[in-house]
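The values are calculated or read from the model by the stated rules, or taken from the named source; none is laboratory data. None of these values were measured; they are calculated from a predicted model. Reconstructed Cβ throughout: ideal geometry from the backbone, glycine too, with neighbour counts over all protein chains shown.
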Amino acid sequence: MKVSFPHLGNLWIPLKAFFSGIGIEVVAPPPTTRKTVAIGAQLAPETACLPLKVTIGNMIEAINSGADTFLMVGGIGPCRLGYYCELQRDILSDLGDDVDLVVIEPPRGHFRNTVRFARLLTSRAGVRDVVEAGKLAWEKCIGIDVCEQLANAARWSEAERGAVDRAVRKGLAELDRASTIRDVQAVIANTVEHVRSCAVVGPICQLDSCARSLVTDRYGALLRSEEGDLSPLSVGVVGEIYVVMEPAVNMNLCKKLGTIGAQVMQPITFSGWIMTHVVLDIVKFMPKPDMLAWATPYLGHFVGGHGVESVGHSVQMARSGFDGVVHISPLTCMPEIVAQSILPRVSEEEGMPIMSLTIDEHTADAGLDTRLEAFCDLLAERSGKRLDGISGAGRWKDMQVL
Amino acid sequence: MTMRVGVPRGLLYHEYAPAIHTFLESCGAETVVSPQTNREILEKGLALCVDDACLPVKAFFGHAAVLSDQVDALFVARFVSVERGAYICPKFMGLPDMIRARLQNAPPIIDMCVDIRQGLGSYVSSLPCSDTCKILGVAPRRLSWAVGAALMAQRKEDRRRVKRFAPSGSAVARTGLGGYTRESIYETSLTIGVLGHAYNLDDAYLSLGLISKLEKMGVKAVTAEDYAYDNLRRWERRGADRKQVFWTAGRKLIGAARRWRETGEVDGMVHLTSFGCGPESFVAEVIARDAARHPAMPLIILNVDEHSGEAGMATRLEAFVDTVRMGKSKR
């Protein structure tokens with residue numbers, strides 16, 4: 001049995017650690033590329049949302065590298081994600097691929113699937129091994145969140161273009177190799193030092209949400225921001241989790257913003273998502289971060305997916321003094337259409353520009369570049385801040401002389 | 001003076017009109033319903049709504065805009081769920097907020113929440129704490145009573161609608177036809193099952209008159225609304241190898257498609273979807289994949305949006321009906 005799963009950003013690192021830890025062979029799909037998207041777009045229904053198309057592309061590519069069992073998350077709606085597994089199963093079986101799809105359902109959803117998943121977990125290992133592997137995977141999960149948040153907070157000030165990304169990439173590769181929790185923590189500490197040596201790390205923890213505290217609980221001391229009178233342009237990125245977390249799909253949006261000279265804040269993290277949507281769903285007595293309270297009165301009810309988070313985080317960022325927010329969503333995403341309808345009102349009343357971008361399989365780099373540049377330009381003009389983080393220095397200085 | 005409450009003629013109004021009217025009248029309000037969708041209404045909606053939304057939602061914005069300066073309040077219910085364990089569509093859950101955010105100078109919006117996911121009992125007990133009482137100026141007890149009256153009116157109407165439909169003997173119509181002659185093609189009486197959301201099919205402007213077009217071609221059209229929902233839900237689970245969909249309309253359509261396919265009550269199926277409809281993109285795929293596995297039942301999927309032309313639909317529909325007719329008379 002070779003287990004695989006669709007990609008979601010760097011989530012393959014903890015998943016691989018987890019399944020290797022319980023004695024199951026893992027085949028991570030090849031990294032998502034334009035070709036992956038094209039394969040998926042060909043097989044999936046035309047007006048299905050982009051994540052379905054990309055995950056199907058991932059699955060086909062993983063089958064070609066030998067995978068025969070897939071893990072997929074389920075759900076009980078109203079977002080379409082909960083029904084992905086059925087369409088994926090249909091599409092793969094109609095193609096004649098003999099693969100098994102193990103669906104991870106919320107326990108109150110489909111009991112049979114939950115049992116099947118539990119059986120898969122304990123097929124090669126005892127409960128103690130599962131717990132140990134889980135701990136390591138969780139540490140790695142927080143690790144990738146730290147790396148990503150760090151890159152977003154530091155890229156604008158890198159002395160040499162690409163230095164931060166090189167440091168983070170190296171850190172992630174080491175994170176993948178790390179085999180104990182202590183190794184993971186050492187790798188993260190090294191990466192933070194490495195990034196610090198080539199860039200100024202801006203303030204990372206400004207928002208009060210669950211995800212933030214998970215990252216800062218462990219690595220807060222390392223991540224303290226440098227004192228000084230730095231005030232880079234701060235831009236938030238909100239939206240549907242898949243397009244926010246998958247750089248291959250959002251065309252490296254955060255990196256683009258960083259290169260332009262903006263310090264990026266992305267409030268959705270893997271560890272935060274697992275905490276709020278999996279752990280706190282089961283352990284009900286622990287308090288959940290209440291995004292709905294932030295989203296009211298603009299949006300008064302949960303709408304599935306990340307609709308409430310998009311609105312809530314935008315409000316939160318506006319009130320914490322951010323310069324602007326970029327909202328990204330896949331085409332026809334229902335919760336994000338609700339958010340997209342409401343965000344102009346949020347923008348108007350909270351006094352912070354918000355730009356909504358819709359992503360689908362036809363989105364191209366250049367179109368995104370020009371829009372992001374124009375948006376950041378406007379934000380800089382509006383806030384009086386300069387976009388001369390060192391990385392974009394030459395270009396933007398010339399612009400300002402003109 | 002009684003309060004004038006505007007009810008946009010769109011989305012779930014087409015299914016729950018009796019309940020909505022009874023509810024508002026029981027609360028002592030006068031209801032004003034927007035006119036049938038027309039070009040002007042749709043264009044108003046297009047200007048107000050975001051591009052990515054589906055056609056019926058855009059039309060709904062238009063209906064709300066038309067009403068907004070004639071009434072004291074707008075009734076835009078937040079339909080979360082109308083049965084246990086299923087939703088309708090995320091857009092409906094945020095509809096009042098979307099209208100509030102996009103409609104300038106809107107009157108107060110009555111965003112009464114309809115959420116029966118946890119059962120009717122817990123829904124009714126959650127009613128008194130909503131803002132609805134405040135806007136309508138009624139006591140919580142009266143509100144609960146109005147909801148009860150609305151539910152009863154809706155149930156009565158549902159029963160009446162299902163009774164009205166006596167399944168035609170399409171099996172009878174099938175007998176007695178010999179070989180294929182040009183005359184016999186057009187003598188064959190056809191029944192076509194039309195799949196689609198009630199708010200599209202009942203709206204002649206959005207569906208480009210799909211049902212009346214079929215009737216003009218001498219076809220008897222049946223829709224999922226002609227059956228009791230419980231019956232369709234049973235059909236949906238019958239021999240199902242997939243997990244149950246969690247959208248009420250999806251259950252209805254998949255159930256109807258399976259019923260038609262297995263009983264042969266209809267000779268072909270037309271599925272009307274609106275571009276950008278989230279649940280439909282999956283439900284239509286499920287229906288189409290099942291239909292492909294049972295090729296005896298022809299199926300055509302027609303997708304409409306604000307750019308759809310009537311001629312395009314007419315030719316495809318005629319071609320489909322001719323094909324079905326031809327196939328039937330050959331049998």
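Before moving on, here are some points about what is shown:
- Screening the candidates B:VAL147, B:VAL71, B:VAL124, B:VAL80 for the property of being under 21 Å from the mean Cα position of the chain (by Cα), β-branched (Val, Ile, Thr) and outside the structural domain of B:ASN200 (by TED's automatic domain parsing) yields one hit, B:VAL80.
- Among the residues of the range B:1-60, the ones that are on the phi > 0 side of the Ramachandran plot and within 19 Å of the chain's Cα centre (by Cα) come to 1 in all.
- Selected residue (only one of A:SER65, A:SER93 is free of Cβ contacts under 8 Å to residues at least 24 places away in the same chain, surrounded by fewer than 19 Cβ atoms within 10 Å (Cβ to Cβ) and more than 19 Å from the chain's Cα centre (by Cα)): A:SER93
- The range A:43-56, subset more than 19 Å from the chain's Cα centre (by Cα) and free of Cβ contacts under 8 Å to residues at least 60 places away in the same chain, residue farthest from B:PHE92 (Cα to Cα): A:LEU43
- Within the range B:219-254, if we keep just the residues that are surrounded by fewer than 22 Cβ atoms within 10 Å (Cβ to Cβ), part of a loop (DSSP other than H, G, I, E, B) and among the aliphatic types (A, V, I, L, M), the residue that is modelled with the lowest pLDDT turns out to be B:ALA240.
- Number of the exception - B:PHE246 against (1) closer than 19 Å to B:GLY193 by Cβ; (2) touching a residue at least 12 places away in the same chain (Cβ under 8 Å): (1)
- Candidates B:ARG102, B:ARG141, B:ARG84 - the one that is of a type in the set (Lys, Arg) and within 11 Å of another protein chain (Cβ to nearest Cβ): B:ARG102
- B:ALA257 meets the conditions (1) touching a residue at least 40 places away in the same chain (Cβ under 8 Å); (2) surrounded by fewer than 24 Cβ atoms within 10 Å (Cβ to Cβ); (3) within 30 Å of A:HIS110 (Cβ to Cβ) in every case but one. The failed one is (2).
- Residue match in the range A:5-21 (condition: in contact with a Lys or Arg (Cβ under 8 Å, 6 or more places away or on another chain) and within 14 Å of chain B (Cβ to nearest Cβ)): no
- Selection status of A:ILE342, closer than 23 Å to B:MET93 by Cα, free of Cβ contacts under 8 Å to residues at least 24 places away in the same chain and either β-branched (Val, Ile, Thr) or more than 10 Å from chain B (Cβ to nearest Cβ) (or both): no
- Flag if B:PHE282 is of a type outside the set (D, E, K, R) and touching an Asp or Glu at 6+ places or on another chain (Cβ under 9 Å): yes
- Note on the range A:260-336: enclosed helices (runs of 4 or more DSSP H) holding 2 or more residues that are out of contact with any strand residue (DSSP E or B) (no Cβ under 6 Å at 6 or more places or on another chain), farther than 22 Å from B:LYS91 by Cα and at pLDDT 85 or above are A:307-319.
- Checking each residue in the range B:255-278 for being in contact with a Pro (Cβ under 8 Å, 6 or more places away or on another chain) and in a helix (DSSP H, G or I) picks out only B:GLY278.
- Matching residues in the range A:68-89 - criterion: being small (Gly, Ala, Ser), within 7 Å of another protein chain (Cβ to nearest Cβ) and under 19 Å from the mean Cα position of the chain (by Cα): A:GLY82
- For B:ILE41, the test of being away from chain A (no Cβ under 14 Å) and either β-branched (Val, Ile, Thr) or under 21 Å from A:VAL346 (Cα atoms) (or both) is passed.
- Considering the range A:309-338, and only residues there that are buried (at least 24 other Cβ atoms within 10 Å of the Cβ) and under 19 Å from B:TRP247 (Cβ atoms), the residue that is farthest from the other protein chains (Cβ to nearest Cβ) turns out to be A:PRO330.
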